[in-house]
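The values are calculated or read from the model by the stated rules, or taken from the named source; none is laboratory data. The model shown is predicted, which means the values in this text are computed figures rather than measured ones. Positions of Cβ are generated from backbone atoms using ideal geometry, with glycine treated the same way; all protein chains shown enter the neighbour counts. Just so you know, the surface numbers come from the protein's heavy atoms only, side chains and all, with ligands and any DNA or RNA stripped out. Shrake-Rupley method; radii C 1.70, N 1.55, O 1.52, S 1.80 Å.
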Amino acid sequence: MALAESKPNLSHLQVSELVKRLFDLTPSQIHPLPSYDDQNFHLVVSEDNEYVLKVMNSEDSQNPTLLELQTHAMTFLHERGLPAQTVLPATSGQVMSLEDIDCGFGMQKYLVRLLTYLPGTTIAKVPCSPQILYEAGKMAAKMDTVLQEMEHPQLHVLQREKFIWSLSNIPLLEPYLHLMDGDPVQQVVKSVIQLYKTCVQPKLGSFRKCINHGDFNDHNILVQPDDSTAYKISGILDFGDMSSGYYVFELAITIMYMMIENPTPLDVARDVLAGWESVIPLNEAERDALYLLVLCRFCQSLVVARHTVVQHPENKDYLMITTKTGTRHLCRLWELGKEVVERRWFQNAAQYPGKEWPNGPQAQEV
């Protein structure tokens, strides 16, 4: 997790000067965008030209290969018809620029990229119908299927063995559990971590490997109206948590985040799972682990948010978005238990009226 002083804090004047020098663009409007560890801006240059400026935190800026892989993945998806952003090179021809900037902590180095601006609004801001949840599940599966075809000489960098947001690394939460002292949910989190160690970790070899986006949440998916009643996904944002993982990890992450603002959270998995399995049916081991992996993602979100608020109290409102309802959802899923929740998820998904397969789930070509 990034240190407090590593997050950039550029002024609008610094942004304007940076964009002019690197890209020969003069923005007429600069709007800050929310971010966990980095600093993002929506730039309006003209009526037909809008961009996103991403300034990476100084800690992650020390790993340009990882940033290069993320940029490569976005382009790879875009070229295959998925709605990912693409990078615009600087006037020098570089797709990333390492800049010395003083953000109040002395001169530090920050990697800077300029990306296309995608139309739409986040799923978090539209009525979360079964149709859009189905589309989210389907898109998550398509995305990971395409990413698994990606080639790059530095793909091993995505292993990220100490990356706290990877569902492969749930035990890394333990040193931060003291931040939950006095909170009753702490015991639930401890129990989930222990179950992960005994019930999931030994079975990782039975899951199918892939490259995960890793943060397919309701603020990283853009949608646009498709007709009077439906939405289509118009954008996939933020590849900062991309890592080597497993297909079922992406599904668990998607289900968890789609639950956050939904008025009937226990029904979310039906629609997401049906969309996912229209592309990639789960195997037995993946199906058995899904409930616990969803709980694990809730635990990651709750623990890491508390740590990050200590580092960045000024960003508390954004950092604690998930915790507003995440604690309640985690405790509810835990109280109901695996058997009850799975019955609701899997039986409902099997009866899903919008399924695209005629005789049970069959993998479809992407």
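Annotations
- For the range 37-49, the condition holds for no residue, the condition being that it is open to solvent by 50 Å² or more (accessible area, probe 1.4 Å), under 20 Å from the mean Cα position of the chain (by Cα) and either within 16 Å of Ala90 (Cβ to Cβ) or in contact (Cβ under 8 Å) with a residue 60 or more places away in the chain (or both).
- Ser58 meets each of the listed conditions (1) hydroxyl-bearing (Ser, Thr, Tyr); (2) surrounded by 16 or more Cβ atoms within 10 Å (Cβ to Cβ); (3) within 19 Å of the chain's Cα centre (by Cα) apart from (3).
- Scanning the range 309-354 for residues that are open to solvent by 60 Å² or more (accessible area, probe 1.4 Å), modelled with pLDDT under 95 and not acidic (Asp, Glu) yields a total of 12.
- A Cβ distance below 6 Å, combined with a sequence gap of six or more or placement on separate chains, defines the contacts here; from the range 54-68, residues that are among the small types (Gly, Ala, Ser) reach residues that are surrounded by 15 or more Cβ atoms within 10 Å (Cβ to Cβ) in the pairs Ser58/Ser6; Ser58/Gln108; Ser58/Tyr110; Ser61/Tyr110; Ser61/Leu111.
- Taken over the range 231-246, the criterion of being in contact (Cβ under 8 Å) with a residue 24 or more places away in the chain and acidic (Asp, Glu) is satisfied by Asp241 alone.
- Test: residue in the range 187-208 that is crowded, with 22+ Cβ neighbours inside 10 Å and among the polar types (S, T, N, Q): no
- Breaking point among (1) in contact with a Ser or Thr (Cβ under 6 Å, 6 or more places away or on another chain); (2) modelled with pLDDT under 95, for Gly214: (2)
Each row is one residue, and each column tells you yes or no for (1) in a helix (DSSP H, G or I); (2) touching a Leu at 6+ places or on another chain (Cβ under 6 Å); (3) open to solvent by less than 50 Å² (accessible area, probe 1.4 Å).
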position: Gln94; (1), (2), (3): no, no, no
position: Phe105; (1), (2), (3): no, no, no
position: Gln108; (1), (2), (3): no, no, yes
position: Leu111; (1), (2), (3): no, yes, yes
position: Leu118; (1), (2), (3): no, yes, yes
position: Ala140; (1), (2), (3): yes, no, yes
position: His156; (1), (2), (3): yes, no, no
position: Lys162; (1), (2), (3): no, no, no
position: Pro171; (1), (2), (3): yes, no, yes
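- Pairing each residue of the range 213-230 that is closer than 19 Å to Gln131 by Cβ and touching a residue at least 24 places away in the same chain (Cβ under 8 Å) with any residue that is small (Gly, Ala, Ser) and open to solvent by 20 Å² or more (accessible area, probe 1.4 Å), provided the two are 6+ apart or on different chains, yields C-beta distances under 6 Å for Asp218/Ala124; Leu222/Gly120; Val223/Gly120; Gln224/Gly120.
- Of residues in the range 259-308 being touching a residue at least 40 places away in the same chain (Cβ under 8 Å), touching a helix residue (DSSP H, G or I) at 6+ places or on another chain (Cβ under 8 Å) and assigned to a loop (DSSP other than H, G, I, E, B), the one surrounded by the fewest Cβ atoms within 10 Å (Cβ to Cβ): Asn283
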